[in-house]
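J.: Please see the structure below; I have some questions.
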Protein chains: 2
Amino acid sequence: MDYSYSEHKQCYVALDCIIFGFDRKDLKLLLIKRNFEPRKGDWSLMGGFLESDESLDEAASRILSSLTGLKDIYLEQLKGFGKVDRDPVARTISVAYYALINLNDHDKNLLPEFGAKWFPIDELPNLIFDHEEMVSLAKARLRHKASNQPVGFELLPDTFTLPELQQLYEAIYETSLDKRNFRRRILSMNVLEKTDKKQKKYSKKGAYLYKFDEDKYSEQKNKNGGTKMMFKPPKV
Amino acid sequence: MDYSYSEHKQCYVALDCIIFGFDRKDLKLLLIKRNFEPRKGDWSLMGGFLESDESLDEAASRILSSLTGLKDIYLEQLKGFGKVDRDPVARTISVAYYALINLNDHDKNLLPEFGAKWFPIDELPNLIFDHEEMVSLAKARLRHKASNQPVGFELLPDTFTLPELQQLYEAIYETSLDKRNFRRRILSMNVLEKTDKKQKKYSKKGAYLYKFDEDKYSEQKNKNGGTKMMFKPPKV
DNA sequence: GCAAAAGTGTTACGAATACACCCATGA
DNA sequence: TCATGGGTGTATTCGTAACACTTTTGC
């Protein structure tokens, strides 16, 4: 084995962001149109390069906020992608991140720049390079995450109604869910706090607004060290 | 945004391998002693650099096999690590992989070189750089994986007994499990095939050897697209 | 014959599912 | 008054957990 750094090639390190958005109705993905060759005019994820004074996480945040203007967005690393010829221009590995954002808080100041556009998650155009692989992995990861913990708080406004939360889950799973069972399970998680206000935008009766209780949430998360066990140990 | 590659810094890309091994009894981790500065004499994960003609996956395999002599080992990407000062020598990002290997098939031809040593998973020494973070993440990931799918086939010989499989799960979860419940659940997964041979090494009575049915396994895995849903959709 | 590990079955409990009606309101 | 979406309760099923004794055999 060879430990001398200088004998090894360096490599471009890119970041690509899979940006999920939810507008109280549909789950969407933010894409940009490339305005340079190769593949000019094709759609792509938002990306950029790692600079020397920033960590991977910081670079992903920077790229996300430089392209959308948004800060403090929930962002999580998905995976490193490193096929030799994944980028035809130069040897580049890319670390993909996914973000969840709430379009109702933010939609005004979003997207006009850089030819960015929101696409419904089930009507995506062809993407460059290995970006489709990234997206499908991110979708799987989001579903997985949603099945283990109450995701969705990042995708919703500070207060939200249960029908809205249900729509988010339905969008993530691309299916419909039973209202009563959904409510029971979400409420039994004990991380929601009911307010006494009602949201009347979408119905005449109005739906109660809930908010997310961060303390209860992290309490729940740490209960099993974050992971459900396949088996419960015997009581002894 | 700036798309010209040459304006961006390149960066060293390292790979680090978290190598889990199981010897029919304990779960272990393979570490090497650094024989160069900085941190000479300290323990570290096995690592190396990405070369220009190989993908990340290929590089991880190469490093694993160059240090252990083993090929075709189960290897999965864990995460990219990219803090600015994680490596004091030069700016380097590292993509960590974890491997599962079965020490009974392989132990003879392993480890003597490079000052490598197997450590019980609960008695690890201090590690260099961010390697401890990598290990604890890998442990969590292994547990998580084991809770969703019958892991362990990579860590066991071609045939194995149910008590051996149970010991593996107990090692992964660092707990003890009820024999009857364990057997029922594992067998109900329908991926094991009983042989008519018995393993008598560890008891007078002897335990039946089982083997893993790859076809049934991948069938099971693809059932829910790999992910359990939080909710089952209504029948309609 | 006994020590040591392998193997086996049943009950009890709790979580997930299926399912249908009433409520509040604005138009 | 009626159309629209919000809200609620229960019986059933199924999976998981708890729990103790018998079998085999080498010594």
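J.: What are the residues in region B:1-27 that are within 11 Å of chain A (Cβ to nearest Cβ) and open to solvent by 50 Å² or more (accessible area, probe 1.4 Å), if any?
T.: Kept after step one, since they are within 11 Å of chain A (Cβ to nearest Cβ), are these residues of region B:1-27: B:1-15.
Passing the criteria: B:Met1, B:Asp2, B:Tyr3, B:Ser6, B:Glu7, B:Lys9, B:Gln10.
J.: Only one of (1) away from chain B (no Cβ under 11 Å); (2) free of Cβ contacts under 8 Å to residues at least 24 places away in the same chain is not met by A:Asn190, so which one is it?
T.: (2)
J.: Do we find that B:Lys179 is open to solvent by 10 Å² or more (accessible area, probe 1.4 Å), out of contact with any Ser or Thr (no Cβ under 9 Å at 6 or more places or on another chain) and within 16 Å of DNA strand D (Cβ to nearest atom) in this structure?
T.: yes
J.: Scan region A:28-51 and give yes if some residue there is at the interface with chain B (Cβ under 8 Å from one of its Cβ atoms), part of a loop (DSSP other than H, G, I, E, B) and over 23 Å from A:Glu132 (Cα atoms), otherwise no.
T.: yes
J.: Under 29 Å from A:Lys200 (Cβ atoms), free of Cβ contacts under 8 Å to residues at least 60 places away in the same chain and open to solvent by 40 Å² or more (accessible area, probe 1.4 Å): which single residue out of A:Asp158, A:Asp57 fits that description? Working first, answer last.
T.: On the way: A:Asp57 fails: under 29 Å from A:Lys200 (Cβ atoms).
Going through A:Asp158, A:Asp57 in turn, just one is under 29 Å from A:Lys200 (Cβ atoms), free of Cβ contacts under 8 Å to residues at least 60 places away in the same chain and open to solvent by 40 Å² or more (accessible area, probe 1.4 Å): A:Asp158.
J.: Which one is farthest from DNA strand C (Cβ to nearest atom) among residues in region B:200-221 that are within 17 Å of B:Ser188 (Cβ to Cβ) and open to solvent by less than 50 Å² (accessible area, probe 1.4 Å)?
T.: Here the residue is B:Tyr217.
J.: For residues in region B:52-79 being in a strand (DSSP E or B) and out of contact with any Cys (no Cβ under 9 Å at 6 or more places or on another chain), which is nearest to B:Glu164 (Cα to Cα)?
T.: B:Tyr74
J.: Based on this model, can you work out whether A:Asn109 counts as under 30 Å from B:His8 (Cα atoms), modelled with pLDDT under 90, in the same structural domain as A:Arg62 (by TED's automatic domain parsing) and surrounded by fewer than 16 Cβ atoms within 10 Å (Cβ to Cβ)?
T.: yes
J.: To continue, here is another question. Can you pull out the residues in region A:161-176 that are crowded, with 21+ Cβ neighbours inside 10 Å and more than 12 Å from DNA strand D (Cβ to nearest atom)?
T.: Across region A:161-176, the qualifying residues are A:Leu168, A:Tyr169, A:Ala171, A:Ile172.
J.: So, in region B:67-88, exactly how many residues are surrounded by fewer than 14 Cβ atoms within 10 Å (Cβ to Cβ) and within 10 Å of chain A (Cβ to nearest Cβ)?
T.: 1
J.: Separate question: Going by the structure shown, is B:Ala146 touching a strand residue (DSSP E or B) at 6+ places or on another chain (Cβ under 8 Å) and buried (at least 16 other Cβ atoms within 10 Å of the Cβ)?
T.: No, not satisfied.
J.: In region A:30-58, how many residues are at pLDDT 85 or above and in contact with a helix residue (DSSP H, G or I) (Cβ under 7 Å, 6 or more places away or on another chain)?
T.: 10
J.: Consider region B:188-198. How many of its residues are within 22 Å of B:Leu103 (Cα to Cα) and either assigned to a helix (DSSP H, G or I) or near DNA strand C (Cβ under 8 Å from one of its atoms) (or both)?
T.: Final tally of qualifying residues: 1.
J.: Search region A:156-187 for residues being hydroxyl-bearing (Ser, Thr, Tyr) and in a loop (DSSP other than H, G, I, E, B), and hand back the single one that is farthest from the other protein chains (Cβ to nearest Cβ).
T.: A:Ser176
The values are calculated or read from the model by the stated rules, or taken from the named source; none is laboratory data. The shown structure was predicted, so the numbers you read here are calculated from the model rather than taken from an experiment. For neighbour counting, all protein chains shown are included, and Cβ atoms are generated from backbone atoms with ideal geometry for every residue, glycine included. Note: areas computed on protein heavy atoms with side chains; ligands, DNA, RNA excluded. Shrake-Rupley method; radii C 1.70, N 1.55, O 1.52, S 1.80 Å.
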